[in-house]
1. Interface B/A, total buried accessible area with a 1.4 Å probe, nearest 100 Å²?
2. Go ahead and estimate [θ] at 222 nm for the protein assembly as shown from helices alone: -39,500 (n - 2.57) per DSSP H run with n ≥ 4, summed, over the residue count, rounded to 500.
3. One decimal, nm, shortest first: give the distances between the label point of C:Ile122 and those of the same position in the other copies, each label point 7 Å from Cα along Cα→Cβ.
4. Starting at 0 and stepping by 10 Å, how many percent of the alpha carbon pairs of the protein assembly as shown end up in each bin?
5. How big is the range C:28-98 in terms of Cα radius of gyration and Dmax, in angstroms?
6. Given +1 on the Cβ of Lys and Arg, -1 on the Cβ of Asp and Glu, and no further charges, what dipole in debye does the range B:8-152 carry about its Cα centre, rounded to the nearest 20?
7. Find the centroid of the Cα atoms in the range B:84-139 and in the range C:56-133, then give the distance between the two in whole Å.
8. Accessible area drop of at least 50 Å² (1.4 Å probe, protein heavy atoms): which residues of the range A:30-54 qualify, relative to the chain alone?
There are 4 protein chains.
Amino acid sequence: MKKSPNSENFSIKTSITPKNKSFIEIKERVRYSEIDRMGVAHNKNYLEWFEIGRTEFCRRKDIPYKKIEAQGYYLVVVETFCKYKKPLRYDDEFLIRISLENISPKKIVFAYELVTEKEKKIIASGYTVHIVTNSKAEVCSLPPAIIKKIRS
Amino acid sequence: MKKSPNSENFSIKTSITPKNKSFIEIKERVRYSEIDRMGVAHNKNYLEWFEIGRTEFCRRKDIPYKKIEAQGYYLVVVETFCKYKKPLRYDDEFLIRISLENISPKKIVFAYELVTEKEKKIIASGYTVHIVTNSKAEVCSLPPAIIKKIRS
Amino acid sequence: MKKSPNSENFSIKTSITPKNKSFIEIKERVRYSEIDRMGVAHNKNYLEWFEIGRTEFCRRKDIPYKKIEAQGYYLVVVETFCKYKKPLRYDDEFLIRISLENISPKKIVFAYELVTEKEKKIIASGYTVHIVTNSKAEVCSLPPAIIKKIRS
Amino acid sequence: MKKSPNSENFSIKTSITPKNKSFIEIKERVRYSEIDRMGVAHNKNYLEWFEIGRTEFCRRKDIPYKKIEAQGYYLVVVETFCKYKKPLRYDDEFLIRISLENISPKKIVFAYELVTEKEKKIIASGYTVHIVTNSKAEVCSLPPAIIKKIRS
């Protein structure tokens, strides 16, 4: 097979994790329906856990995501990345760590890490990139008051 | 906010798409339950569409994924990436394009592109990286016969 | 354990199936992520297949569900029932049969049957009950023109 | 439209709810991805909440469902019913109540009720019927020790 001109991209090293930063942490448990044929959590559920994580992140920063939307701002997902390191099985409990990696009026990046409850071994890590839009899906800027809270 | 030592990673340019390569193409339609509160398809569904895509890819290469597993090999997802460019709405039809980006006995990379049905505008693009394991979740090598078929 | 006063309800015999009626039929295939830990399709997916079925039912009656909503009417699910008879496995193809069981301006009942592709053996059967609301979630009546099309 | 011979079944009165019985109660929160195009939780998620409920029910009875499966018994879902009364919205917190409605060596019925957190208003109610199988999907009987724990 011919080498792709983009093949260098395969070696993406996403060390974008909440490790070196202040993060918030929540506990989750794997649901039966989240397990697939291999007996482990299906890859798409991690994006859902990331989402639960950033919902909780905003809540703890005293700006629940529901309120951000109520003010007419949407954090539209434009990029997701996840690296899966250890499998999760039915009924496993684990921690989701979320940190704010980057914020500007028009763009936010959250980083995530899923770790085992006791030994804090890394289960998965990843990030999501969001742009800010209004309710008509037009790109816009988050007001400083919201940015300040998320950054706090 | 302090710059992350990893912040260069944010500018990942994944032009890993099926564009320059032979790809197979299938048609899908957005289900009602795949739409979220914003009225567009939720980000996690794209990983499911990628999966439907590679299932079909293997089938057309005459080595249905079911048979790969029946022979004791599992293509475990270790990395997923998706870039979301245009929203998908309820009942929209779209095309999923899948190409084999890279294959070695222990690792496979598939690239994906979702495009609009008529004008072939890019809706999303991404890739998944898989390692090969046996049924005990131990890393192993795909037999040459399977590799040959996937590559064909 | 004390007998429940409602225990007669356990013997619900839902022979509400599309059998004796005109039905429309579509083909679906089980996705990898729809399989659970037992190796069979998870029970919640059947409700999604029912939904795909009624979406297609409306489309073939020349009144796509999207258009019903565009006219300001919502068919809100108020009851779902499913009886699971034979398991579905990864990559299985099957047929979804949908019939209109009952329609009045304020209430619609659809019946469903999932059957195997070749021998038409029953995989599952069930029904969904819908009330009609406007965009403010207030109960209202479907206009005669829509009822006529659905009934056609 | 000709009346169905089974139309009496439409008036199923499922008063099978945990009300009159001892039930266990857990708190859940609606995830963003569980919301559909209408802005409310999609009907299929209720079956997932029922499942989370019975998982927790078994855990509190000191017989985690994982252990039941580890002993070679599976509680296969053969029937699900749900009545939807009040909508759930993004980030809403609610209670899931689960009670054992009926148990015999070969069959178990769980009843569920979702209620609002403060005023305990009914959001939804339903039940699931399970038969017992071994790992080969053959019908079998639950051992008395497990039945005793579930009943306790």
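1. Numbers: alone 9520 and 9480 Å², together 15090 Å².
Using a 1.4 Å probe, the pair buries roughly 3900 Å².
2. Numbers: 12 runs with 125 residues, N = 608.
Taken over the protein assembly as shown, the calculation gives -6000 deg cm²/dmol.
3. Spacings between copies for this position, smallest first, are 2.8, 5.0, 5.3 nm.
4. Over the protein assembly as shown, the share of Cα pairs per 10 Å bin runs 3, 16, 26, 28, 19, 7, 1, 0 percent.
5. In Å, with Rg to one decimal and Dmax whole: 14.2, 43.
6. Details: 28 positive and 19 negative charges, 83 e Å.
Result for the range B:8-152 is approximately 400 debye, rounded to the nearest 20.
7. 30 Å
8. With the partner chains in place, the range A:30-54 has these residues losing at least 50 Å²: A:Arg31, A:Tyr32, A:Ser33, A:Arg37, A:Met38, A:His42, A:Asn43, A:Lys44, A:Leu47, A:Glu48, A:Glu51.
The values are calculated or read from the model by the stated rules, or taken from the named source; none is laboratory data. Bear in mind the structure is a predicted one, so any value in this text is a computation, not a measurement. Using ideal geometry, Cβ is built from the backbone for each residue, glycine included, and neighbour counts are taken over all protein chains shown. To get the accessible areas, we keep the full protein, side chains included, count just its heavy atoms, and leave off ligands, DNA and RNA. Shrake-Rupley method; radii C 1.70, N 1.55, O 1.52, S 1.80 Å.
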